[in-house]
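Here's the structure, in structure tokens; my notes come after.
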Amino acid sequence: MHEIVMPQMGQSVEEASIVMWLKKEGETVAQGEPLFSIQTDKAEIECESTAAGVLRKIIVQPDAVVPVLTVVALVGTADEPMPDLTQYGGNGGGRAGETPAPQQRPKPAASAPAAAVVAGVGAATAVSPRARAKALELGIDASRIAGTGAGGRVIEADVAAYAAQLKAVKASPVARRVAQNAGIELSLLTGSGPSGKIMKADVTAPPPKAAPAGPGTPGKVERIPLTQMRKIIAKRMTESKFSAPHYYITVEIDMSAARDFRAGVTAYKLSYTDLVLRAVVNTLAEFPVSCYRMTSPATRSRSRTSAHTASTISRPSSTSRTAPSSPSAS
């Protein structure tokens, strides 16, 4: 019986959770075939089977967080006797949302043939790499698409069909352009034009405010467990807020020249964020004192001239709209 283990996707990754199994117990799996997908601190990744045969037992269920190199499944022949499952932490069933305690294999001195990476995506939604690339190209939020692939996975055909539906929405050319620049999906709006046509005013109008809760009836608080990626995002943002002083400056800038320059670049897609980052890097190089940081009361050190972006992520309800994320440079 071959043991399938949770792969270690980097030196800093200590645990991960299984998002979904791509095979069911009793199904045949080939070596190198995608078997399950996992959620690490940074991405969702498909993992291949390291053995060929029949998936005899799934030990770790989806949403359970386990240490790396933990045995998550058993693959063998159809008539091969099953080993004692208690060595893997009970009956190997587990329940979604809980962290079971399966037996962890000792870490080998040399890297073992852990499950290889087929493709990674940057969100918890199960989306194929081709579908995610297509969605980014068309400016579509892939998490809103109902997948028709295995286990509800969003595939490229789903993105194309969803894009065709968006084109069928009645909207003025100006409204489409404003919505695309703002990251707003037209299908979520109600048009005020002739025959329900969406106009520019419908896109730029503020979303309706929710009715305040009555006295003595506080709003219901919904607690949702964070994924590994959300946990590390929250940790890094908190560390940044408390470890560095923050101050905010608002300046109005005429971006006409930047707009014309961006329109003239046809070799590749250039965003306004790229232009802002370039300006920040040039400014840091011209004023290197901005790159210093205090390492002790009497010492300051200079970091290399670089710029990094951070943006907020919004998961709106069906009645709200998504505002464009605001990049920041440091």
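The values are calculated or read from the model by the stated rules, or taken from the named source; none is laboratory data. Please read these numbers as outputs of a predicted model, since none were measured by experiment. Note that we place each Cβ from the backbone using ideal geometry, even for glycine, and neighbour counts take in every protein chain shown.
Taking first residues from segment 120-134 that are at pLDDT below 50 and partners that are of a type in the set (D, E) and surrounded by 22 or more Cβ atoms within 10 Å (Cβ to Cβ), the Cβ contacts under 9 Å between residues at least 6 apart in sequence or on separate chains come to G120/E44; G120/E46; V121/E44; V121/E46; G122/E44; A123/E44; A124/E44. Do the conditions hold for M9, that is, is it assigned to a loop (DSSP other than H, G, I, E, B) and crowded, with 18+ Cβ neighbours inside 10 Å? Against the criterion (assigned to a loop (DSSP other than H, G, I, E, B) and crowded, with 18+ Cβ neighbours inside 10 Å), M9 qualifies. Checking each residue in segment 27-60 for being among the aliphatic types (A, V, I, L, M) and more than 17 Å from V75 (Cα to Cα) picks out I38, A43, I45. The residues listed here are T238, T204, T217; of these, the one that is among the polar types (S, T, N, Q) and at pLDDT below 75 is T217. Counting only helices (runs of 4 or more DSSP H) wholly contained in segment 223-294, the ones carrying 2 or more residues that are more than 27 Å from E137 (Cα to Cα) and among the polar types (S, T, N, Q) occupy 228-243, 272-286. Within segment 28-58, the residues that satisfy the criterion of being closer than 20 Å to P83 by Cβ and assigned to a loop (DSSP other than H, G, I, E, B) are S49, T50, A51, A52. In segment 162-172 there is at least one residue that is within 30 Å of W21 (Cα to Cα), modelled with pLDDT of 80 or more and of a type in the set (S, T, Y).
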